[in-house]
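First comes the structure, then the notes that go with it.
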Amino acid sequence: MARAKTILLVEDDPALADGLTLNLEAEGYQIVHVSDGGLVINMFERGNFDMILMDIMLPGIDGLTLCKTIRTAGSTIPIIFITARSETEEKIEGILAGGDDYIAKPFEVLELMARIQGIFRRQAWLTKEEKRGDVFEFDDRSINFKTFEASGPGGTFNLTRKECMVIKYLVSRSGQVVSRDHLLDAVWGYRAYPTNRTVDNFILKLRKIFEDDPKNPRYLETIRGVGYRFASPADD
């Protein structure tokens with residue numbers, strides 16, 4: 001029997017935390033709740049968590065700073081931000097900080113459940129072994145879809161989960177044009193969120209890792225007005 005997934009809930013609103021705990025436990029998740037951002041890193045290091053649900057505005061340390069700290073330490077644990085903020089710029093800020101998703105208060109519990117399930121489903125897709133194996137190599141570059149480690153002209157880098165998902169989706173469709181909407185749908189799970197510009201920002205980051213000249217990309221091509229294409233050397 002599979003182990004129940006454990007979620008670290010970081011929320012300083014007692015009523016919301018109690019409600020989320022009740023609903024999430026009813027769905028079979030184990031919940032560990034902490035209300036102060038200053039306690040999160042120690043709690044995270046001592047626990048064995050499968051996901052973090054985290055408010056941005058927290059006492060102690062804010063959620064964005066915590067997310068960046070966790071990512072800098074090399075962890076790829078899925079992180080969903082729960083916050084009252086709803087502006088597009090702040091959504092993008094959360095995603096670029098390393099967050100996997102973002103849900104604004106007030107929200108329906110069923111929507112949150114769907115997003116949690118979607119992240120776990122796409123997590124399984126990301127780590128699923130392909131026919132080519134865990135590591136994809138092209139020229140002198142490589143991507144490990146298990147460890148999220150990538151190497152390029154500038155050295156070795158640790159990709160975030162979303163960065164790894166974006167490049168895997170493009171690589172799996174090598175030579176094909178992929179629209180921004182399809183990338184949003186595949187990686188984030190729904191086209192309206194976060195924005196097409198978020199996809200562009202991720203592509204720019206990946207080009208800095210894999211391209212000799214990011215301004216003149218050879219592998220991650222822009223198809224103007226449509227989307228992107230991964231041009232593998234094997235397709236030449």
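Each value in this text was obtained by applying a stated rule to the coordinates, not by laboratory testing. No experiment lies behind these values; they were computed from the predicted model shown. Note that each Cβ is placed from the backbone with ideal geometry, even for glycine, and that neighbours are counted across all protein chains shown.
Per residue, the convex hull spanned by the alpha carbons of region 135-235 comes to 90 Å³. Based on Cα contacts under 8 Å between residues 6+ apart, the chain shows a relative contact order of 13 percent.
The ratio of the alpha-carbon radius of gyration of the chain to the globular-protein estimate 2.2 N^0.38 Å is 1.04.
How tilted is helix 109-127 with respect to the longest principal axis of the chain? Cα atoms for both, answer in degrees (0 to 90, nearest 10). Helix 109-127 and the main axis of the chain meet at about 40 degrees.
How far is helix 14-26 tilted off the main Cα axis of the chain, in degrees rounded to 10, range 0 to 90? The angle comes out at about 70 degrees. Whole-Hz Karplus values for region 42-55 come out as 5, 4, 5, 5, 8, x, 10, 9, 9, 6, 10, 9, 9, 5 Hz, taken residue by residue from phi with 6.51 cos²θ - 1.76 cosθ + 1.60 and θ = phi - 60°; glycine and proline positions read x. Ordered from longest to shortest, the equivalent ellipsoid semi-axes for region 6-126 are 18, 16, 16 Å, each the square root of 5 times a Cα gyration tensor eigenvalue.
Computed about the Cα centre, the dipole magnitude for the chain is approximately 680 debye when only Lys and Arg (+1) and Asp and Glu (-1) carry charge, each at its Cβ. Once the Cα atoms are used to define both axes, helix 196-210 deviates from the longest principal axis of the chain by about 60 degrees.
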